[in-house]
Structures are given as structure tokens and as C-alpha cells.
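Please treat every number below as a calculation from the coordinates, not as lab data. These figures come from a predicted structure and were not determined experimentally. Glycine gets a Cβ as well: all are built from the backbone with ideal geometry, and neighbour counts include every protein chain shown.
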């Protein structure tokens, strides 16, 4: 059987976007910007955990429960803009550690109403103010820029999900590695019921 030799010059070369005039490839510039955004928020959440002994997501959930006593798990998920299963996991951990109280609704035994426990109230007293830096920065963007950013991040999210499926990497699940909930994506109306 004859052997076929493929020279290096006949192999297809990977394509990559050309470098910009600055000499820095677009991918590297965008990665640097992502690191900048993450690094801006990280110190706040580390400070929250140091001061309270509780992760930032739980402190956030406790503050929502304090502001809305008797909120349900679904209401907590909506208030935090996270998936309901993520909210359920947060509630389970907070109840198990004594930070929150879960009571069955008298009218609907399937529904759970949440209240802050005395320990949860003590944790919130130790917590620094909320981090609104990213929300404030996004709110300061004009509508067109915010819409383009939303669209670009949606495309990036799809690519990340495809990449995980294509190579068999399991999804990280409803929470990110830092212990912060990943906001759930809201569906855009497509006109189809």
C-alpha cells in the first residue's frame, strides 16, 4: 500500500483574525478587558466573605430576604436574576447553616416562604455595602452601546456553550467557580407561543 506524505505547506493553516494596528490581537485585548472587569469585582466579594464568613451570593440572598420577608424561592430567583434551581441551592445551604428560615405557606403547602433568622440578621450587620460598580457602569452606557454589548455577550455565551458540548466538557452548573450565581438569561419574545 503506497504511503502519502503531506508536506507542511499543504496542510490547512488555522485562521485567526489579523492583529490590529496596535500589534495586540483582538482576542488578547478582549481577554484583558474581561480580566479587568472580573478583577474590579473580586475584592468586594472577598471582603464580604472575610467580614461575614459567608459567600457573596448568600449575603446577597439574605439581603433580598430581609427586604422582602416571606418571599418564595421563585421570587428570590427573580429578584437575584438567577435560575430557580440556583436559588433553591442557595436557600438549602442558608437554611442548613441557620442563616434563613423556610416555612411552608399555610394556603399552599407546596410553597416555601423565607425569613431571615437571627444569625442571618447578624451576618448582614457585618456585611459591607453592596457592590454596584458593574451595574452602575452598565447603566451609564448609552442604549445603543448596551444593546451591542448584550448582543456580543450573547454570541460569546453561545460559543462557550458549543465549545463545552463539542469537547465533552461538563457544564459548570448553575454557579460559577467563585461561588457567585450566574444570572439566568431572559428569553426574548420571538412571537411564538
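For segment 51-127, just run the numbers: alpha carbon Rg, then divide by 2.2 N^0.38 Å, N being how many residues it has.
1.00
Taking R0 as 30 Å, what's the FRET efficiency between residue 126 and residue 92 from their Cβ-Cβ distance, rounded to 0.05?
0.85
Based on alpha-carbon centroids, what's the gap between segment 132-155 and segment 24-57 in Å, whole number please?
17
Would you mind getting me the FRET efficiency between residue 39 and residue 162? Use the beta-carbon distance for r and R0 = 30 Å, nearest 0.05.
About 0.65, to the nearest 0.05.
At a 10 Å Cβ-Cβ cut-off, how would you order 114, 119, fewest neighbours first?
Fewest-to-most ranking of 114, 119: 119, 114.
Among 64-72, 149-157, 135-143, how do they line up by average Cβ neighbours within 10 Å per residue, starting with the highest?
64-72, 149-157, 135-143
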